[in-house]
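To keep things clear, I will list the structure first and then write my remarks on it.
The values are calculated or read from the model by the stated rules, or taken from the named source; none is laboratory data. Computed from a predicted model, the values in this text were never measured in an experiment. Cβ coordinates were reconstructed from backbone atoms using ideal geometry, including for glycine residues, and neighbour counts include every protein chain displayed.
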């Protein structure tokens, strides 16, 4: 039987398929295979470069960035043939996003390289391992050199910012929501979304920090003396925006010279003030307090508002104070700084970050409590200045050695403390404060276009029981008709025995029944269904742009308590079928174990900083 000859159409079709196959192979398959091999090399170099940055090795960092740029250019060249597919329906966004991602990465690497080049002459100064004469300078000259160095770096900021803005432009063209949630067992959308958010966050942080960085020489006394009122707050006696105000000090800085102008405990300052009647919140929840003391002025979850109360009372003092800013720090800052610097002496006492079995806490916390709060039959003058003396000695210690030994780790630690609200800042210079707020270092309650949750606990006369308190939160939301039904469950647990709080015996009263004033901040328009667990009548009101549910409870040593709040919020808070929740962490808390669920989906996270959760 004779075979049929292929028709002309069949031949043409075969040729087209063959050409198409060759075209796809050359423009898609081959480039993707080449790119896949290069990506393995890129990951290795990126890991090494990141390690160099963490260990402050400038030489390795500089080399790594150059190699990364070269490899990224090669990757871009490998993938360039695939970009023609960005015009293909349904899958085009994959190639478009790839092109934008590579362009953004190139701009970020250029910005990083410019940053390294800018700091190169001052490498040792900021803690990077590349020799300079800075280490040989006397202690008193080092900060002056640091301030002058920052001043020289300021002109480079705009050049670097330009590359960051370019990166941001490309990143904003990428929409992670277009990707499938999963392909088989592999999570796709969430992973891409997390990377995308992190990169945008880095760019945003650098851009927001620019105005503050430009102001640093001014704030550090380059031209004239600046004075800062430092408040030490004890987060183990938790208050609304950090902790009970224990002591204060005024530090001046003038062309690199740091001096302690004065320091004392907060009771000395209170003794100079003509106190007004205590606000209703104190009369309602505090124990035997009828006047408004400056030590109790930390009343608002918004740090800037609490500073407003502090300054109102300070204006009634017989003393006059001049300062360029107020900085609050808590015990976490002391412990982490001592972890880096090691044992440090102050007032004849050596302080460490080691665990102390007497309190099951850091030794520095026990010793300070022992000096400051233990009742004695005699007057101890050292208690008035111990904290400021310790802070001053820590500063001197950090300045007195080569910066490559401590400065890199200290700067990383302080940035973390700022991010996690263990350091809060209020500056009198308006533009500087605006930059502080944009970075989230001002401790303000934020506006948010979505669901919102801030849980605020205040320890009123419960000793230092927050030292032993663990708090877990379960936040659940479901769509219910034309509303969102919400339930927040807060569990408090104290698993340590009570302290000897007998004043006559001179016991150190750390753990006692926690008298806890609770406020839960949620979106405006919320409707309370049920509040279970408060030992006093529940109150509701609007404040700081939020709706507030307020209650009170007592948690005993070796005990626990639970608060369960059910409420409804408007469905309009659901945007583009996405449920987004901003959790603002209370200052002073190390972390809060939190479970968030939406319509059965669940995420578990230790909230250490303000956190946005999206479903």
| query | Is it the case that the range 278-286 has a residue that's farther than 18 Å from residue 247 by Cβ, touching a residue at least 40 places away in the same chain (Cβ under 8 Å), in contact with a helix residue (DSSP H, G or I) (Cβ under 8 Å, 6 or more places away or on another chain) and assigned by TED's automatic domain parsing to the domain that holds residue 328? | reply | yes
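One line per residue, one yes/no per condition, for (1) in contact with a strand residue (DSSP E or B) (Cβ under 7 Å, 6 or more places away or on another chain); (2) under 29 Å from residue 196 (Cα atoms); (3) buried (at least 17 other Cβ atoms within 10 Å of the Cβ); (4) not assigned by TED's automatic domain parsing to the domain that holds residue 170:
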{"residue": "14", "(1), (2), (3), (4)": "no, no, no, no"}
{"residue": "21", "(1), (2), (3), (4)": "no, no, no, no"}
{"residue": "25", "(1), (2), (3), (4)": "no, no, no, no"}
{"residue": "32", "(1), (2), (3), (4)": "no, yes, no, no"}
{"residue": "49", "(1), (2), (3), (4)": "no, yes, yes, no"}
{"residue": "57", "(1), (2), (3), (4)": "no, yes, yes, no"}
{"residue": "72", "(1), (2), (3), (4)": "no, yes, yes, no"}
{"residue": "94", "(1), (2), (3), (4)": "no, yes, no, no"}
| message | I'd like to verify a number: residues in the range 492-520 that are touching a residue at least 60 places away in the same chain (Cβ under 8 Å) and crowded, with 21+ Cβ neighbours inside 10 Å, how many? | response | 7
| Flag if residue 296 is in contact (Cβ under 8 Å) with a residue 12 or more places away in the chain, crowded, with 22+ Cβ neighbours inside 10 Å, under 17 Å from residue 274 (Cα atoms) and touching a helix residue (DSSP H, G or I) at 6+ places or on another chain (Cβ under 9 Å) | yes
| What strands (runs of 3 or more DSSP E) completely inside the range 522-615 contain at least 3 residues that are over 25 Å from residue 198 (Cβ atoms)? | 527-532, 539-543, 546-555, 559-570
| said: Quick check on residue 425: is it in contact with a strand residue (DSSP E or B) (Cβ under 7 Å, 6 or more places away or on another chain), more than 26 Å from residue 360 (Cα to Cα) and in the same structural domain as residue 583 (by TED's automatic domain parsing)? | reply: no
| message | If I filter the range 300-308 for residues that are touching a strand residue (DSSP E or B) at 6+ places or on another chain (Cβ under 9 Å), buried (at least 19 other Cβ atoms within 10 Å of the Cβ) and farther than 23 Å from residue 236 by Cα, do I get at least one hit? | response | no
| note | Of the residues in the range 443-459, those that are in a loop (DSSP other than H, G, I, E, B) and surrounded by 21 or more Cβ atoms within 10 Å (Cβ to Cβ) come to 443, 445
| query | Assuming residue 192 fulfils every condition listed in (1) in contact with a helix residue (DSSP H, G or I) (Cβ under 7 Å, 6 or more places away or on another chain); (2) over 22 Å from residue 303 (Cβ atoms); (3) part of a strand (DSSP E or B) apart from one, which condition is it? | reply | (3)
| message | Can you find, within the range 263-285, the residue that is nearest to residue 227 (Cα to Cα) among those that are within 30 Å of the chain's Cα centre (by Cα) and outside any helix (DSSP H, G or I)? | response | 263
| Search result, residues across the range 414-436 that are surrounded by fewer than 18 Cβ atoms within 10 Å (Cβ to Cβ), modelled with pLDDT of 90 or more and in a helix (DSSP H, G or I) | 414, 416, 419, 430, 434
